[in-house]
Every structure is written in structure tokens, then in C-alpha cells.
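Worksheet for the structure shown next.
The values are calculated or read from the model by the stated rules, or taken from the named source; none is laboratory data. Every value quoted in this text rests on a predicted model; they were computed, and no experiment measured them. Because the Cβ atoms are built from the backbone with ideal geometry, glycine has one as well, and the counts that use them run over all protein chains shown. Surface areas here come from the heavy atoms of the whole protein model, side chains and all, with no ligands, DNA or RNA. Shrake-Rupley method; radii C 1.70, N 1.55, O 1.52, S 1.80 Å.
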Amino acid sequence: MVILELRTAPLRWPFGEHDGVREAGAGSYRILYQVEPESDISEGDVVVLRVFGPRQDRSDLLRGS
């Protein structure tokens with residue numbers, strides 16, 4: 001399960017279209033999150049910003065919050 005994998009390997013997924021925001025796929029859902037603080041030698045805390053469902057508009061990260 002992707003959300004559980006964020007606990008152990010948060011740097012696994014690439015950055016998405018928003019600066020500093022990583023994007024993980026879970027089936028047809030997308031999890032947008034940040035790792036704070038992020039560095040090359042350690043992984044920080046995972047902050048989930050938004051979970052988008054199928055066909056949901058992802059042009060504005062903060063829409064609907």
C-alpha cells in the first residue's frame with residue numbers, strides 16, 4: 001500500500017508539477033506530499049498535502065481545501 005510505503009521510503013517517488021511536491025500513485029489516485037526537511041542524507045517528516053481521485057482536476061494543489 002503506497003500510503004504505508006511513504007513511512008519507510010518517502011523519497012522513492014518523483015517530484016510532480018508543483019515545486020517541492022512529490023507525487024505518488026495509488027491505482028488511479030494521486031498522493032501529493034512533501035518531505036520536510038528533505039536532504040540527500042536523511043529523510044524527514046512526510047506531510048500529505050492532498051489526495052486526488054480519478055479524473056479530479058489537479059491544476060491547483062490547494063483547490064477544495
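Give the label of the value calculated from the structure for Kirkwood radius over Cα pairs in Å, choosing from (i) 12.5; (ii) 12.2; (iii) 17.0. Here Kirkwood radius over Cα pairs in Å agrees with entry (ii).
Compare the peptides 6-13, 54-61 by average per-residue count of other Cβ atoms within 10 angstrom and give them in order, highest first.
In descending order of packing, they fall as 6-13, 54-61.
A simple count of charges around residue 24, restricted to other residues whose Cβ falls under 10 Å of its Cβ and scoring Lys, Arg +1 and Asp, Glu -1, yields +1.
Farthest towards the positive end of the charge dipole of the chain, among the residues 61, 34, 46, is the Cα of 61, using unit charges on the Cβ of Lys, Arg, Asp and Glu. Dipole magnitude for the chain: about 380 debye, using +1 per Lys or Arg Cβ and -1 per Asp or Glu Cβ, origin at the Cα centre. Sorting 17, 5, 43, 23 on solvent-accessible area from highest to lowest, probe radius 1.4 Å, gives 17, 43, 5, 23.
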